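Working notes, structure below.
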Amino acid sequence: MEYFEELLRKPSLFLDEGKLDINYIPDRLPYREKELSLLSQLFLTLITNPNSISRKILITGRTGIGKTVTIKVFGEMLKEASIKRNICIKYIHVNCRKERTSYKVLIKIIRLINKNFPKRGYSPQDLLEILLDLLNQQNIHILIVLDELSYLINKGEDLLYLLTRINDDSTNVQQRVSIIGIVRDLSCLNNLDYSTISTMQRNIIKFSNYSRKQIFGILKYRTHLSLKENVLSKDLINMIVESTYSIGDIRYGLNIIWKATKIAESRNLKVIDNECVRLGSQELVPFSTLDILKYMPSQKLFFLLAMIKGLQISNNTDISFLEISKRYHIICENLGLNPRSSSQLWNYLQEFKRESIVLINVLSEKIKGRRAMIQIPEINLLNLEKIIIEILRLKGINI
Ligand SMILES: Nc1ncnc2c1ncn2[C@@H]1O[C@H](COP(=O)(O)OP(=O)(O)O)[C@@H](O)[C@H]1O
Ligand SMILES: [Mg+2]
């Protein structure tokens, strides 16, 4: 019974495995200097002339290209610069996929200023007023980052509407709130009212995809931080760059490096070899997808499972909406659950599209007889199926 002792005696290949964690914020962000510099220029007034303006910025770009991490680094920079000058600027980063309602988001923001604020008993409008009072009383400017903002917009929530209008009706008052919204693409804004769109669209920073060379640079940098020297060769990094580039999400590469290192350690190797990388790449579902699946309602998971099963059985690259719906109904029947309506299923499909899980080729938009062919392009179906079944199992649903 000396497992720990034995493991601890083994020399590790990691310097610090935490630095491969997708939530780790590195000191440097190669290839995002331009974006950081642009953000600093845009927010400079907050420091030179506090509370004179309220900035509203929108960040766009596909998944896994450093939007979140860049804004987090920027938030820290802004905080530091303001502390040095005795200006009170608070920064809060909200992930709208996790804090699913305006109410939760507002509570979170208020609690940043007043830790003991009670959770219940207020409407969003009340909360907004309380927030403004607090900011005024304590002479604070707050930068609110609404990450994965599309999750709030698509629920018909009016938080953005409220936030973008704070102070709008009064000139010569202190501007207390700045906003950075992060979205994958601008199409989700279509559901907003015109004036919110135009406010948010005034400043858009589009993050471009990383090139192969840039992905190499980033993975090499993260390897340097987290693994001992020469554990992962340049050639193998290049191999990981290829698959990361085709998926486009840096998280994917970070995760392969982590897994390959673990595999090498378990085999008592001194360096990572080809086989470790191959095995490490095999069972991966892109991390962004994994994260999305974890928060997905069960019914939506059933629908996705129906899609996967349909694709597996037919062996085609795409499947019709109708076919998925049929299979979904069978799953519900087997579980003794009421199926969701067809239009709800259609909404799920649109959400999958936004989450980059599926590609949809719409043949006809008519409500009755919606015709669309759907693909799951980037993810290994078998792995995806396994993961969904596991997530459902954790929720107490056995399929
Ligand atoms: N330029 C970079 N340097 C180092 N790590 C990066 C860089 N860009 C992205 N990453 C890492 O890649 C992962 C994905 O970045 P993230 O900001 O979460 O992407 P997005 O928000 O665009 O989906 C994170 O773990 C992040 O630390
Ligand atoms: Mg992000």
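Every read-out reported here was derived from the displayed coordinates using simple, explicitly stated rules and does not represent laboratory data. Computed from a prediction, not measured in an experiment: that's the story for all the values here. Here Cβ is always computed from backbone atoms with ideal geometry, including for glycine, and neighbour counts include all displayed protein chains.
Restricting attention to the stretch 233-264, the residues that are out of contact with any Cys (no Cβ under 6 Å at 6 or more places or on another chain), more than 17 Å from Asp21 (Cβ to Cβ) and not β-branched (Val, Ile, Thr) total 11. Would you check if there is a residue in the stretch 151-170 being under 30 Å from Leu254 (Cα atoms), touching a residue at least 40 places away in the same chain (Cβ under 8 Å) and not acidic (Asp, Glu)? The answer is yes, given that some residue of the stretch 151-170 is under 30 Å from Leu254 (Cα atoms), touching a residue at least 40 places away in the same chain (Cβ under 8 Å) and not acidic (Asp, Glu). Checking Asn23, Asn51 one by one, the residue that is within 24 Å of Gly181 (Cβ to Cβ) and surrounded by 11 or more Cβ atoms within 10 Å (Cβ to Cβ) is Asn51 and no other. Against the test of being away from ligand 1 (no atom under 12 Å from the Cβ), surrounded by 19 or more Cβ atoms within 10 Å (Cβ to Cβ), outside any helix (DSSP H, G or I) and not acidic (Asp, Glu), the options Val231, Val241 yield a single qualifying residue, Val231. Only a single item in (1) small (Gly, Ala, Ser); (2) away from ligand 1 (no atom under 14 Å from the Cβ); (3) within 25 Å of the chain's Cα centre (by Cα) is not met by Ser12, and it is number (3).
For the stretch 31-38, does any single residue satisfy the condition of being exposed (fewer than 14 other Cβ atoms within 10 Å of the Cβ), within 16 Å of ligand 1 (Cβ to nearest atom) and under 22 Å from the mean Cα position of the chain (by Cα)? Working first, answer last.
Residues of the stretch 31-38 exposed (fewer than 14 other Cβ atoms within 10 Å of the Cβ): 33-34, 37.
Cutting the leftovers down to within 16 Å of ligand 1 (Cβ to nearest atom) gives us 33-34, 37.
Filter once more, so that each one left must be under 22 Å from the mean Cα position of the chain (by Cα): 33-34.
Scanning the stretch 31-38 turns up at least one residue that is exposed (fewer than 14 other Cβ atoms within 10 Å of the Cβ), within 16 Å of ligand 1 (Cβ to nearest atom) and under 22 Å from the mean Cα position of the chain (by Cα).
Residues that are touching a Phe, Trp or Tyr at 6+ places or on another chain (Cβ under 7 Å) and either assigned to a loop (DSSP other than H, G, I, E, B) or more than 16 Å from ligand 1 (Cβ to nearest atom) (or both) within the stretch 15-25 comprise just one, Ile22. Of everything listed in (1) assigned to a loop (DSSP other than H, G, I, E, B); (2) among the hydrophobic types (A, V, I, L, M, F, W, C); (3) within 16 Å of ligand 2 (Cβ to nearest atom); (4) more than 30 Å from Ser246 (Cα to Cα), the single unmet condition for Ile65 is (4).
Within the stretch 33-50, none of the residues are in contact (Cβ under 8 Å) with a residue 12 or more places away in the chain and basic (Lys, Arg). With a requirement of 3 or more residues that are hydrophobic (A, V, I, L, M, F, W, C), the helices (runs of 4 or more DSSP H) lying completely within the stretch 80-171 that satisfy it span 102-113, 124-137, 159-165.
Scanning the stretch 92-119 for residues that are in contact with a helix residue (DSSP H, G or I) (Cβ under 7 Å, 6 or more places away or on another chain), within 16 Å of ligand 2 (Cβ to nearest atom) and closer than 29 Å to Glu33 by Cα yields Ile92, His93, Val94, Cys96, Arg97.
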